[in-house]
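Working notes, structure below.
The values are calculated or read from the model by the stated rules, or taken from the named source; none is laboratory data. Small disclaimer: the values here were computed from a predicted structure and weren't measured. Positions of Cβ are backbone-derived with ideal geometry, glycine not excepted, and every protein chain shown enters the neighbour counts. Just so you know, the surface numbers come from the protein's heavy atoms only, side chains and all, with ligands and any DNA or RNA stripped out. Shrake-Rupley method; radii C 1.70, N 1.55, O 1.52, S 1.80 Å.
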Amino acid sequence: MTFDNSVDIVAPARDEDPTSALVATGREWWRNAVIYQIYPRSFADDSGDGIGDLRGITSRLPSLVELGVDAIWLSPFFVSPQRDAGYDVADYCDVDPLFGTLDDFDALEDAAHALGLKIIVDLVPNHTSSDHAWFRAALTAAEGSVERARYMFRDGTGESGELPPNNWHSVFGGPAWTRTTNADGTPGQWYLHLFDTTQPDFDWDNPWVREQFRDVLRFWLDRGADGFRVDVAHGMIKEAGLPDYTPVEGGSMGGATVLDLGSIPGAAPAAPYWAQDGVHEIYRDWRLILDEYPGDRILAAEAWVDPLSHVAEWVRPDEMHQAFNFAYLETAWSGPTLRRVIDDSLAAFGAVGAPSTWVLSNHDVVRHASRLALNHENLQGHGIGPKTPDLPDTVIGLHRARAASALMLALPGSSYLYQGEELGLPEVIDLPDSAREDPTWFRTNGERYGRDGCRVPLPWEATAPSYGFGPSAASWLPQPDEWAGLARDAQAGVAGSTLELYTSALRLRREHALGLGSVEWLDGHADEIVAFTNGAVTVVANTGSASVPLPTGELLLASGPLPGNTLPGDTTVWLRAQP
Ligand code: GLC
């Protein structure tokens, strides 16, 4: 859907830019970068097998330059049986044939660098695939062997070890332990997997594991990677003794379950497998390795931890550079809560000298064009599907998503975009059950839909087979018919399209150096209005449903139509700040 929006986008002259020394020298590029997440399975398919690949990504890089992003983050493309879409790695230092070869990676990286794009790869250190040679060796090795000591093997409880070592649950549903079978067919020890059965957890107390990951980091740094997004960066270390733990209701990757509320009477204790102090030693070690390399390489933490002051521990000066701001992602579309989370983010990250990050969508959550119109809580990873009550209104969802993105892109710090949000793609709700692949769906017997709905292959060309995702009609998840109208070529150059909104926002953001600016709140507005200046730009977001008078000033950007000089609900504008 596009908005017939006659807003004249006025760009300031380049010589007005308050471009800082940081940007001028190219140092610390990550402090204000817009980083675009590519989910390789679903971005672009060169081979025609219906699954995206590295050559497909390379061929489409120019469109990301047109969009105006600074860097790309690639979800895993490593050797993997794909039981968790590549987050189950069987070889950290090679490309899965599904996605191509190491040569294809090198070509992609060269092309990205030639276009001025940084490239961040995904590191999955909490667990391997059960197909990894290390785990296979552990399964056939004896109890107490060095091979088993790399993972979390334990004897069972109960009279004959028939019960798991403790009561932990997998993030994807079901128990977090699986029992092995000995070579003679008798039941053996159990191993821990915080995710799927096919994703055994490492024992990070084992120095051997640490040494392997130093090598993995060096492997990709030597190849020229500009950094790593670190998967489950709040996992890895488990509390000694692996005590029982019953999570309070919360998001599956953490949420309330990781709240460190020990001092609050009656509150849940921190989970013994999330956010243990020991993880920080690992990142300090990795930081030393990254710092050996030229060119400002970065570590970005996926740490589902509350509150933000706790997340900030991951980005202390000698640890990582960025941490995803999931508190922002999980904030409802409401003025008071948005103001609070923005303040909290800037304060928490600022206190350790790190930039705040901002994110609204990724491959694990319901796309924000649908999520922001949900009238009920949706826990991370649970997804929505045909039987979800009270399904979101797509028109409201798109309005809110555009307004929310325009708000986010005006904030100082670094923003993450998830592929397809620049097209306004909604969550795909009516996927046939037979097409679903997320282990969450299987491990909960369909009780949770999981994450497939945000992973449907992108539409590039309205009239091509698979909407130009690949050369054939094949697409590993079916694309809805309505996506013809959302295809990139149907939006490019069309005034009022979501793609043009993002493109304009990124250009203005760069020209006004908003990523390096600050938030000065503007008082005197109703509760539903989020209003601030960032340098030369005034940003006003109306999160309510009623129109308010359009603030005066030269209009730079509008997320939707502005009838009769009003700012309607679910709309954000950027104006040139009044002197
Ligand atoms: C992270 C990934 C998610 C994956 C999980 C297990 O949360 O983002 O997709 O399933 O880790 O690796």
Worksheet item: Which residue pairs have Cβ atoms under 8 Å apart, sit 6 or more places apart or on different chains, and have a first residue in the range 442-465 that is over 17 Å from LEU477 (Cβ atoms) and away from the ligand (no atom under 16 Å from the Cβ) and a second that is assigned to a loop (DSSP other than H, G, I, E, B) and not charged (D, E, K, R)?
Response: GLU447/GLY173; GLU461/ALA487; ALA462/GLY485; ALA462/ALA487
Discussion item. Looking at VAL89 and the list (1) open to solvent by 40 Å² or more (accessible area, probe 1.4 Å); (2) of a type outside the set (Gly, Ala, Ser); (3) under 14 Å from PHE202 (Cα atoms), which single condition is not satisfied?
Written reply: (1)
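Table: residues versus (1) in contact (Cβ under 8 Å) with a residue 24 or more places away in the chain; (2) out of contact with any Leu (no Cβ under 7 Å at 6 or more places or on another chain); (3) under 17 Å from ALA531 (Cα atoms); (4) among the acidic types (Asp, Glu).
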site: HIS321; (1), (2), (3), (4): yes, no, no, no
site: THR357; (1), (2), (3), (4): yes, yes, no, no
site: HIS363; (1), (2), (3), (4): yes, yes, no, no
site: GLU377; (1), (2), (3), (4): no, yes, no, yes
site: PRO386; (1), (2), (3), (4): yes, yes, no, no
site: ALA401; (1), (2), (3), (4): yes, no, no, no
site: ALA410; (1), (2), (3), (4): yes, no, yes, no
Fill in: All strands (runs of 3 or more DSSP E) inside the range 533-579 with 1 or more residues being open to solvent by 40 Å² or more (accessible area, probe 1.4 Å)
571-576
Practice prompt. For the range 542-549, state whether one or more residues are under 24 Å from LEU425 (Cβ atoms) and in contact (Cβ under 8 Å) with a residue 40 or more places away in the chain.
Written response: yes
Worksheet entry | Segments classed as helices (runs of 4 or more DSSP H), wholly inside the range 300-381, with at least 1 members that are within 16 Å of the ligand (Cβ to nearest atom) and surrounded by fewer than 24 Cβ atoms within 10 Å (Cβ to Cβ) | 326-329
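Pick from the range 27-52 the residues that are of a type outside the set (Gly, Ala, Ser) and part of a helix (DSSP H, G or I): which of them is most open to solvent (accessible area, probe 1.4 Å)?
ARG31
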Worksheet item: Taking the range 493-510, which residues are touching a residue at least 60 places away in the same chain (Cβ under 8 Å) and open to solvent by 20 Å² or more (accessible area, probe 1.4 Å)?
Response: VAL494, ALA495, THR503, ARG507, ARG510
Discussion item. Given the condition modelled with pLDDT of 95 or more, touching a Lys or Arg at 6+ places or on another chain (Cβ under 6 Å) and away from the ligand (no atom under 16 Å from the Cβ), answer yes or no: does some residue in the range 86-99 qualify?
Written reply: no
Item to complete: Quickly run through the range 68-85 and pick out the residues that are more than 9 Å from the ligand (Cβ to nearest atom) and among the polar types (S, T, N, Q).
Response: SER80, GLN82
Fill in: Residue tally, condition over 14 Å from ARG229 (Cα atoms) and within 16 Å of the chain's Cα centre (by Cα), over the range 290-322
2
Practice prompt. Would you mention how many residues in the range 446-485 are among the charged types (D, E, K, R) and closer than 15 Å to ALA85 by Cβ?
Written response: 3
Fill in: Among the candidates THR58, THR128, residue that is open to solvent by less than 50 Å² (accessible area, probe 1.4 Å), over 30 Å from ASN182 (Cβ atoms) and among the hydroxyl-bearing types (Ser, Thr, Tyr)
THR58
Fill in: Any pair with Cβ under 6 angstrom, 6 or more apart, that starts in the range 206-231 at a residue that is under 23 Å from VAL146 (Cβ atoms) and ends at one that is among the hydroxyl-bearing types (Ser, Thr, Tyr) and at pLDDT 95 or above
VAL216/TYR92
Worksheet item: Listed residues LEU411, LEU407, LEU431, LEU398; which is outside any helix (DSSP H, G or I), of a type outside the set (Gly, Ala, Ser), out of contact with any Lys or Arg (no Cβ under 8 Å at 6 or more places or on another chain) and under 30 Å from ARG507 (Cβ atoms)?
Response: LEU411
